[in-house]
Amino acid sequence: MQTKDFYFNLPEELIAQKPSSVRGQDRLLFLDRQKHIFSDHLFQDLPELIEPGTLMVFNDSKVRRARIFATAESSGNKTEFLLIAPYLIAGCEPGTVWKVMAKNAKRQKPGRTYFFDDGTGAEIITAQEASALTPEFRLLKFSRPVDDTWLETFGHLPLPPYIRREDEADDADRYQTVYAENIGSVAAPTAGLHFSEEIFSALDSRGIERTAVTLHVGLGTFLPVRAEHIEDHVMHTETYTITQDTAAKVTAAKREKRPVLAVGTTSVRTLESAWNNEENILRSGEYATNIFIYPGYSFRAVDRIFTNFHTPESTLLMLVSAFAGKSLVMDAYEHAIREGYRFFHTAIQC
């Protein structure tokens, strides 16, 4: 299957540059994959569209303030970095070396040095130490350990790459889910941004159960598929954690034939990665996954998906197409474009 098979023409004006001012004031497209139909709704309709007894699984990862700005010592120019994850190197204190993405990466070469407003210094370390990284990434070594306390002062919340504006004060709240708990993501699990306490109350009153997993979203989620054939694409790796309580709830729902509804593609990838098909149970614990879900994949743990619209030719669009059928999904996307849906801040329920 070719990557171009997942292309669609999205008018620039339909890409929402800001979320709705109030959580949940968005449109919702409902896809019935059994009947091969779809219908227009509002997000507030969601509780009525979900079968009582359903178990909803959310990703409670919290976004790190991982976007930082440094001054290059050689030129005095500002340079932007996105911290992906700490990187352990023998002889270096933990927290001093980070895997990063650098803006204008070709200019940010090993040996180049930078400083921050508090006097902290940093250097891109030699190519030999970074040889295992793909071209998008660098290793940045700080003069002191960098942790989330430091980032709360000097970092900015990363915005999705389709947002063509600088971050604003209220983004720190709106690009974080209300249930975010475990810090570590470099991008929000955006499907969850719609949910509010009012919606949770409505779900509870309908007898809809909730639980959470933790998958820390890496920027690989947004990297383009460069392979001509999707089977040749190498998926990024992300870490996830499933508690014993969540594993027990998902296992029980499957045995009782109650639907498991994954909120967001990150929850889908977590549940499908952790499902033990031989024992028909969800494994608890901490793991890493590079699962790539595209048409032809047989879902084992997930029965329903709530997600946002996704970008053309993305692995996320391929995942949703694997679940609901490529033809139905692409027809639904064409309908959404005709109807003027705000892309990437509007949701699909499959």
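The values are calculated or read from the model by the stated rules, or taken from the named source; none is laboratory data. As the structure is a computational prediction, the values presented were derived from the model and not from experiment. Here Cβ is always computed from backbone atoms with ideal geometry, including for glycine, and neighbour counts include all displayed protein chains.
The table that follows gives values for the structure above.
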quantity	calculated
Members of the range 82-123 that are outside any loop (DSSP other than H, G, I, E, B), aliphatic (A, V, I, L, M) and either farther than 19 Å from Gly155 by Cα or under 26 Å from the mean Cα position of the chain (by Cα) (or both)	Leu82, Leu83, Ile84, Ala85, Val97, Val100, Met101, Ala102, Ala105
Count - residues of the range 173-207 that are over 16 Å from the mean Cα position of the chain (by Cα) and not in a loop (DSSP other than H, G, I, E, B)	10
Test: residue in the range 298-308 that is assigned by TED's automatic domain parsing to the domain that holds Leu215 and at pLDDT below 95	yes
Tally of residues being surrounded by fewer than 20 Cβ atoms within 10 Å (Cβ to Cβ) and within 25 Å of the chain's Cα centre (by Cα) across the range 255-271	1
Scan of the range 193-236 for residues that are touching a Ser or Thr at 6+ places or on another chain (Cβ under 8 Å) and more than 30 Å from Gln2 (Cα to Cα), ordered by number	Leu193, Phe195, Ile208, Glu209, Thr211, Ala212, Val213, Thr214
Answer from Ala322, Ala336, Ala301 - the residue that is more than 27 Å from Thr211 (Cα to Cα) and either buried (at least 21 other Cβ atoms within 10 Å of the Cβ) or under 20 Å from the mean Cα position of the chain (by Cα) (or both)	Ala336
Test: Ile89 is of a type outside the set (Gly, Ala, Ser) and touching a helix residue (DSSP H, G or I) at 6+ places or on another chain (Cβ under 7 Å)	no
Which numbered condition Thr79 misses (of (1) part of a loop (DSSP other than H, G, I, E, B); (2) closer than 23 Å to Thr134 by Cβ; (3) at pLDDT 90 or above; (4) within 30 Å of the chain's Cα centre (by Cα))	(1)
Residue satisfying all of: in the range 46-64; buried (at least 16 other Cβ atoms within 10 Å of the Cβ) and either assigned to a helix (DSSP H, G or I) or of a type in the set (Lys, Arg) (or both); nearest to the chain's Cα centre (by Cα) among these	Lys62
Residue within the range 322-345 that is under 21 Å from Ile15 (Cβ atoms), polar (S, T, N, Q) and in the same structural domain as Phe195 (by TED's automatic domain parsing) present	no
Hey, Thr239 assigned to a helix (DSSP H, G or I) and either of a type in the set (Val, Ile, Thr) or without any contact (Cβ under 8 Å) to a residue 12 or more places away in the chain (or both) or not	no
